[in-house]
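What follows is a single structure, written as structure tokens, with notes after it.
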Amino acid sequence: MSPRPDLGPKPRLGYTASLIERAAERRTDAAALAALESDARARAYVVGGELVVLKQGAPLHDPLFTLGEARGLGPTAEIVFLGLVDNAARYAVSLAPAAAEALKARGDFVVTDLRSIAVRALVEAEHLPPLAEGKALLVWHARHRFCPNCGSPTNVVEAGWRRDCPSCHAQHFPRTDPVVIMLPVDDERCLLGRSHRFQAGMWSCLAGFVEPGEAIEDAVRRETREEAGIICGHVTYFASQPWPFPTSLMIGCHAQALSKEIVVDRHELEDARWFDREEVAAMLLQRHPGGLTTPPQVAIAYHIIRAWVEEEVDFG
């Protein structure tokens, strides 16, 4: 057997390692917020539904606008305070989706979705975490304009980090949905699956939402059994990744497979099968003879799979 190829330098995991200091203590300080907003160094990311507005640049585009520039792009809704970078405020501004769509016709802007921005590396990597923060927060606002307790319109408070109901006085906070994403391992093989939504030839980790009252390890075992019929034992944590599509936290794990026979849930997966290290290495390098691939390097699935290929997984 030929030696496994070198996979090269490890890429950065997308949407992580944020430079933002969230400065939560400023969110209730009206005077401090006013001073930050009036500071000429304040900048904003502009999000219109699923679209992000970028200033045309070369080779990378610029996602930062002054607050005046952001408001001048069209009708805006929420403006949320993300935090500080070098003591200068960063905001996310919610632009009407139709206004964002209309900006595609202008040559001085690039208007596209956040996933494309990350995969195609359209901006400096440091902008991905605050873009993820801003998009997730603005999506939450768009979906929680009315109180789920009594149905009354809610008000934005704490610089965009809470909505209050003036009728029943309930307080509502931004939510994040935990999702386990895992690679079942059977010694020298790993289990990968294909979603019905995947592009042709791509295989990835299994994944699923954590249910109420469920530990991460239990969710890993349940989802693997439900989707592929594989029983797992020991589970090890790998890393996590904010995933703003719309507001999830991906919790990456490796799981020790105790059974081998795959039974695919065709409602959840198109297919699932075992792969050996050499074949997965070829997929990571996009050199697979059959054209099979793994998710892009920005995704945590790539990093979970690569860690196993490079034999960095230890179940103790």
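The values are calculated or read from the model by the stated rules, or taken from the named source; none is laboratory data. Since the structure is predicted, the reported quantities are computational estimates derived from the model, not experimental observations. Counting neighbours? That spans all protein chains shown, and the Cβs are built from the backbone with ideal geometry, glycine included. To get the accessible areas, we keep the full protein, side chains included, count just its heavy atoms, and leave off ligands, DNA and RNA. Shrake-Rupley method; radii C 1.70, N 1.55, O 1.52, S 1.80 Å.
Does anyone have the angle between helix 128-143 and the longest principal axis of the chain? Alpha-carbon axes, 0 to 90°, nearest 10? Rounded to the nearest ten degrees, it is 70. Here the stretch 1-135 exposes an accessible surface that is 53 percent carbon and sulfur, computed with a 1.4 Å probe and the other protein chains kept in place.
Classified by the C-alpha gyration tensor, the stretch 1-136 has an oblate form. Its axis ratio a/c, with a ≥ b ≥ c, is 1.5 or above, and a/b does not exceed b/c.
Antiparallel versus total DSSP beta bridges in the chain: what percent is that, nearest 5?
75 percent
The HN-Hα couplings worked out from phi for the stretch 306-316 by the Karplus form 6.51 cos²θ - 1.76 cosθ + 1.60 (θ = phi - 60°) are 4, 4, 5, 4, 8, 6, 9, 9, 9, 8, x Hz, whole numbers, x standing for Gly and Pro. A cut-off of 5 Å between modelled amide H atoms, ignoring neighbours fewer than 5 places along the same chain, links Glu78 with Ser94. Put simply, the convex hull of the Cα atoms in the stretch 1-52 casts, on average, a shadow of 7.7 nm².
Both radii come from the Cα set of the chain: Rg as radius of gyration, Rh as Kirkwood radius; their ratio Rg/Rh reads 1.02.
Taking max minus min of the alpha-carbon positions on each principal axis, the stretch 18-89 gives extents of 36, 27, 23 Å, largest first. Using a cutoff of 8 angstrom between alpha carbon atoms and counting only pairs six or more residues apart, the relative contact order for the chain works out to 17 percent.
Share of the stretch 197-316's accessible area from carbon and sulfur, percent, 1.4 Å? Ligands and nucleic acids excluded, carbon and sulfur reach 49 percent. Of the peptides 129-137, 235-243, 261-269, the order by per-residue mean of other Cβ atoms within 10 Å, starting with the highest, comes out as 129-137, 235-243, 261-269.
Here's how it looks for Val46: its modeled amide H is under 5 Å from those of Val53, Val93, which are all 5 or more places away or on a different chain.
Scaling against 2.2 N^0.38 Å puts the C-alpha radius of gyration of the stretch 161-316 at 1.14. With θ taken as phi - 60° and the Karplus curve 6.51 cos²θ - 1.76 cosθ + 1.60 applied, the whole-hertz 3J(HN,Hα) list for the stretch 286-303 is 6, 10, 5, x, x, x, 6, 9, 10, x, x, 5, 6, 8, 5, 4, 4, 6 Hz, x standing for glycine and proline. Per residue, the accessible area of the chain comes to 48 Å² when a 1.4 Å probe rolls over the protein heavy atoms. For the stretch 254-314, taking the reciprocal of the average inverse distance between every pair of different Cα atoms yields a Kirkwood hydrodynamic radius of 13.0 Å. Inter-part distance, the stretch 38-52 to the stretch 129-149, computed on C-alpha centroids, equals 15 Å.
According to the calculation over all Cα-Cα pairs in the stretch 132-213, the P(r) per 5 Å bin from zero is 3, 12, 15, 13, 13, 12, 8, 9, 8, 4, 2, 0 %. Along the stretch 222-232 the Karplus relation, 6.51 cos²θ - 1.76 cosθ + 1.60 evaluated at θ = phi - 60°, assigns HN-Hα couplings of 5, 5, 5, 5, 5, 7, 10, x, 9, 8, 10 Hz to successive residues, with x for each Gly and Pro. In this structure, the amide hydrogen of Asp113, modeled 1.01 Å from its nitrogen in the peptide plane, lies closer than 5 angstrom to those of Val52, counting only residues at least 5 positions away or on a different chain. When every Cα-Cα distance of the stretch 58-117 is counted in 5 angstrom steps from zero, the calculated P(r) takes the values 4, 15, 24, 28, 18, 9, 2 percent.
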